[in-house]
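Visitor: Pasting a structure here, questions to come.
The values are calculated or read from the model by the stated rules, or taken from the named source; none is laboratory data. Note that this is a predicted model, so its numbers are computed, not measured. Cβ atoms come from the backbone with ideal geometry, glycine included; neighbour counts cover every protein chain shown. Just so you know, the surface numbers come from the protein's heavy atoms only, side chains and all, with ligands and any DNA or RNA stripped out. Shrake-Rupley method; radii C 1.70, N 1.55, O 1.52, S 1.80 Å.
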Amino acid sequence: MSIFIRSFSFVLCFLLLSHFVDAQAPGYKGKKVILSANSNISYDPFFGRYKNGFFFKFGVQSEFVLAKNFSLGLSYIQYSTKFPDYIDNYYSSSMFPGLNTKTLTSYSYNLDIYQYTKGSTAPLGTFIRYQVFYMTSVSEDFYEDMGPEYSFSPIDFSNAGVSITVGRKRIFADIISLSYGLKFGYTFLGMPFMDDVLDESPLQGYGRSNNFLSMMIGLDVSVGIVL
Amino acid sequence: MMLKNNFIFLLTILLSMSLMAQKDYIPVQCEGEIPSDFILRTQYKIELANQNSTAYKSSKLSKTANEEFNNTTNFYIDYLLKSGKIIFGTPMNDYLNQVGALVLEQFPEIKNEIRFYILKSPEVNASTTNQGIIFINLGLLAQLENEAQLAFIIAHELIHYKYHHVYEAYSEEYQAKYNMGKYQAKNYENKFSDLMQYSHKHEFMADSLGFLEAYSKLGYNFDEAMSVFDVLLYSNLPFDEIEFDTAYFDDENFKLNSKAVLKTPELISNPEDYKDNESTHPNIKKRRSAIIQLVTDHENVNKEVYVVSRRDFMESRKTARFEMSNLYLSYLQYGKAFYNSYLLLHTYPESQFLYKTMAFALYGISAHQNHGEIAAVLQSYKKMQGKSQRVFYSFRKMDKKTLNALAVKALWKYNLKFPEDQFMKQILEKSTYDLVSKYGLKYENIAKPILISANTENADSLLAIELNENGFRLLSEEEYNKLSKYDKIRYDKKYLEVFGDKSAPVEVISDKKNYLKVLASVRNDKAFKQFFNGIESEVKRDEQKTERDKVYVTKEQVTHFILVNPQYYKVENDQIIVSGSEEKEAYIVKDLKSSARQLGINMELIDILQIKSDEVDRFNDLAFFNSWVSEYYSLTDNDLHYQIPWQNAYMDAIKEKYDVNHIATMGIAVVSMDASIGKKFFAVLGGVIIPPLLPLAIVHAVNKKHRVLYYFSMVDIETNQILISSEDNLQGNLREDVISSLNYNALYQLKMKNKKR
């Protein structure tokens, strides 16, 4: 929860700062800020059995219009995935999904650059969002037989990455914004090599693979308010 | 005949006097109650037409095709009616209605369905719509010789209506387009040829039945049914053939360089039997031949040329001819405007309007020539024949400096004669500014005047009355000028046959600094010196300004503007969609008004959808604004936005009435197309390959592809500068949020400009 509050405060500070910029941009009828709740659904072709084939993510995002076709934003998104409590043989454990599973949660902090297409005017219309993100992943305590000691302990690691979203934004009743698009991403240090999974650090490899796959291609939907 | 000529002469003098008694000619405006044709919604008209399409029951076309016809024709006719280019309620209309009513007595079955209007177009033409509207162009009225010819043309048009020629032509085109009936397995050329033949059949029918069913029973002279073809044959020429004397430009100090003087204009040689296989109308020879038999087969009992009123005909034609100068200037056809006014000046030598239009035309030609754009306002003299060719030749061959100096001289003289005309004073300043700034002309460089004794040789004595050995009687200039345009053409041909080209040798003048002499005759005028020096100082001041100083910023904060005739069009698969468009337009305008209010700007709307039947003044304002906007943007298209539009001459009254300095126009078009089969296939294929995208892929394949084209433009009419020009071209449908965004963005530019001040 503290991470969520930290990131949200960061977003608010950014917005406040941006507000003092005398942007030569009309925005949407003079409104230049959008705060929204964001969700993302992506497909997992490899480890789908654990999560019915899909990754579900949710978060918050902000966007501030700086020019007619350009805006900047900060966003935060998180998702969780399950893994078996006891892993010594990943494949045998995965035969029993849902049995003694633990949660691995990833938190992503994103800087968003929105480029709206020629005919559109930010924050309305078709856009391409370039995103740079930093992800940290933390697991629940679990029993890892490959560790130095046989003990219950959490694992945490981080990833960085980039993504591009091609989407469209609509505004209803001059206040509600709806954004939808396709997101394509790439996470560094997170290639889904099966060797990683079979190696001695199965959970870390599994987590990174999950991050990579979850970012690879997904449907992005946001609902927010225009201020 | 002699008596008739004398009578015409007297009448001309009387008309001329009555014109002089008026303050001056004012461009024609509609009067009285606005007819329902202009007020009713297009959608309503289409629905009515769809319900009442009993006339097409025997048609080969489907119900959808008939509805498409009603949709398209009503849309385009309403576009014309609501543009302000149609005149109603004027004395000209009253006269047209009277002649129309006379002809309609022969058509009792359609009598109550017909309306006559005048179309502000210089083209010599008349047209009929399937809705019962007959348009008579001003260009035609200006060229007709008498009422009988007008009656014949009306009879011709009424036959088109009575026998549903418009619908039948559409039906034929439809069948050709979709390879139906006899058009199956025909190539494009054959289809086109068949359609033209079909159209020729209608024209022959309208000529002959118009004569038989109506004209022959009205008491008019049958010869006029034949002579109307002369009007059509020579419709490319001005309404009269009067020699243009280039001495118009000359005075005791200046003569045009010889290279700018055409020795002999090309003889008019319009052949009657021109190729007509690509024309909707058969050639004149065929039409004349088709009707000549009918004329000779019928006894011409009454040989009247006027049944309703000769006086009203003359008055209407005079108005039409004056209006032509106004129209030509509005359409940037300055050469034609100049010669049209020149022709009228022979009959109305005291008309301020004619001097004004000629001086303005000179300014317009000079301004365009200064920027290398003369072709946009002056037809090539090589494509012309007859006496007007000399005008176009001189303007083309004159050097830029001379042309500019001549414009200044004409404007100076006009201002001396009519000093109260502030608009023309502004034009004089502009033209002189160009002369000084572009060509560096200084007052001290203007040639000093030389005084020579006035040559009082009477021009009327140039052509003596004599009979040569071939029996050809030479006419005096006065006699010649009294001939009709068509008799002049015949006389000129005969003259050339008998005497050959015996034009007087032209004195050869070739002086590269000739332009310095143009203003010599006004040089010693103290007021001119003062004026010219004032302009020189202004040019110097402006030259010292930096580029930054010259950047245009509106003089005052924009708090109020007029939005003129907003447009909204929806096109689906190349078919215009009227249904719901008027409501959408109303919504767009309402939203724009709301955005304006949000930005602290007051918007006033002048739109046909808001005008009531008793608001003819507002309708005239709309017509004026539309015409002004059209002229203004024609100028800006040629990158001549610094040239003052002609119709600014009438802007002051409007500015005062609405207390406004800014005029805006806007338009939105939504173009929708079905996705092609290939695109649909690849969309679905993509969805199959990446399952999560399948719903999107299906939506993509099924939905139409939309494109929204938007423009908004605002002009500062005080400075003639474009204040806002916003154009957007975006994919997607025109939803409410998109409308709001586009409207707000357009006006936001204004806020930024206000801020910069």
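Visitor: Could you estimate the translational diffusion coefficient of chain B from the Stokes-Einstein equation, with Rh from the Kirkwood formula over C-alpha pairs, at 37 °C and 0.692 mPa s, in whole µm²/s?
Guide: The Stokes-Einstein estimate is 111 µm²/s.
Visitor: Further, regarding this structure: Set the Förster distance to 30 Å, then compute FRET efficiency between B:D223 and B:E31 from the Cβ-Cβ distance, nearest 0.05.
Guide: Rounded to the nearest 0.05, the efficiency is 0.30.
Visitor: Could you give the length gained on full extension between B:K413 and B:Y433, defined as 0.36 nm per residue of separation minus the Cα-Cα distance, in nm?
Guide: Roughly 5.5 nm would be gained on extension.
Visitor: What does DSSP give for chain B in terms of the percent of beta bridges that are antiparallel, rounded to the nearest 5?
Guide: So the antiparallel bridges in chain B amount to around 60 percent.
Visitor: Follow-up question, since we're still on this one. Straight-line reach from B:K540: which aspartates and glutamates have Cα under 17 Å away, leaving out those fewer than 8 places along the same chain?
Guide: Filter leaves B:E429, B:D434, B:E444, B:D549.
Visitor: Next question, about the same structure. Within the set B:K397/B:K430; B:K584/B:K751; B:K255/B:K318; B:K679/B:K751; B:K417/B:K438; B:K400/B:K493, which residue pairs have Cα atoms separated by over 31 Å?
Guide: Listed pairs above 31 Å: B:K255/B:K318; B:K679/B:K751; B:K400/B:K493.
Visitor: Can you compute log10 of I(q)/I(0) for the range B:563-701 with the Debye formula, treating each Cα as one identical point scatterer, at q = 0.09, 0.14, 0.17, 0.19 Å⁻¹?
Guide: Rounded to two decimals, the profile gives -0.47, -0.82, -1.04, -1.19.
Visitor: Sticking with the crude label model, points 7 Å out along Cα→Cβ, report the distance from B:D250 to B:Y443 in nm, one decimal please.
Guide: 3.0 nm
Visitor: Taking H placed 1.01 Å from N in the peptide plane, check which residues at least 5 places from A:A160 or on another chain put their amide H under 5 Å from its amide H.
Guide: Excluding prolines and chain starts, which carry no amide H, the hits are A:M135, A:F188.
Visitor: How many percent of the accessible area of chain B is carbon or sulfur, using a 1.4 Å probe?
Guide: 52 percent
Visitor: Continuing with the same structure: Could you give the length gained by full extension between B:A675 and B:Y633, i.e. 0.36 nm per residue of separation minus their alpha carbon distance, to one decimal place?
Guide: Going from the current span to full extension adds 11.6 nm.
Visitor: Please name whichever of B:A405, B:I154, B:F353 sits farthest to the positive end of the charge dipole of chain B, dipole taken about the Cα centre and charges placed at Cβ: Lys and Arg +1, Asp and Glu -1.
Guide: B:A405
Visitor: If you don't mind, there's one more thing I want to ask. Can you tell me the Rg and the Dmax, both Å, for the Cα atoms in the range B:75-211?
Guide: For the range B:75-211, the Cα radius of gyration and maximum Cα-Cα distance read 16.4, 53 Å.
Visitor: List the aspartates and glutamates whose Cα sits under 14 Å from the Cα of B:K705, skipping any in the same chain fewer than 8 residues away.
Guide: Hits, sequence-local ones excluded: B:E572, B:D574, B:D674.
Visitor: Going by accessible area, probe 1.4 Å, with all protein chains left in place, what is the ranking of B:H156, B:H164, largest first?
Guide: Accessible-area ranking of B:H156, B:H164, largest first: B:H164, B:H156.
Visitor: Kindly provide the helix-only [θ] at 222 nm of chain B, computed as the sum of -39,500 (n - 2.57) over DSSP H runs of four or more divided by all residues, to the nearest 500 deg cm²/dmol?
Guide: My calculation for chain B gives -16500 deg cm²/dmol from helical runs alone.
Visitor: Given the whole protein assembly as supplied and a 1.4 Å probe, what does the accessible area of B:Y658 come to in Å², nearest 10?
Guide: Approximately 20 Å² for this residue.
Visitor: A follow-up question, please. With 30 Å as the limit, write out which pairs from B:K275/B:K494; B:K162/B:K285; B:K285/B:K387; B:K488/B:K512 have Cα-Cα distances beyond it, or answer none.
Guide: From B:K275/B:K494; B:K162/B:K285; B:K285/B:K387; B:K488/B:K512, over 30 Å: B:K488/B:K512.
Visitor: Report the Cα-based extents of the range B:224-340 along its three principal axes, largest first, to the nearest Å.
Guide: The Cα atoms of the range B:224-340 stretch 63, 38, 26 Å along the principal axes, largest first.
Visitor: Label points 7 Å out from Cα along the Cβ direction at B:E479 and B:D614: separation in nm?
Guide: Placing both labels 7 Å beyond Cα along the Cβ direction yields 6.0 nm.
Visitor: Here's something else I'd like to know. Per q in 0.25 1/Å, what log10 I(q)/I(0) does a Debye calculation on the alpha-carbon atoms of the range B:671-741 return?
Guide: Summing over Cα pairs of the range B:671-741 leads to -1.02.
Visitor: Between chains B and A, what is the buried accessible area summed over both chains (1.4 Å probe, protein heavy atoms, nearest 100 Å²)?
Guide: 1700 Å²
Visitor: Show which aspartates and glutamates lie in cross-link reach of A:K118 when reach means a straight Cα distance below 18 angstrom and same-chain residues fewer than eight apart are skipped.
Guide: Those aspartates and glutamates meeting the cut-off are B:E727, B:D728, B:D737.
Visitor: Quote to one decimal, in nm, the extra length available between B:E656 and B:I110 on full extension: 0.36 nm per residue of separation minus the C-alpha distance between them.
Guide: 192.0 nm
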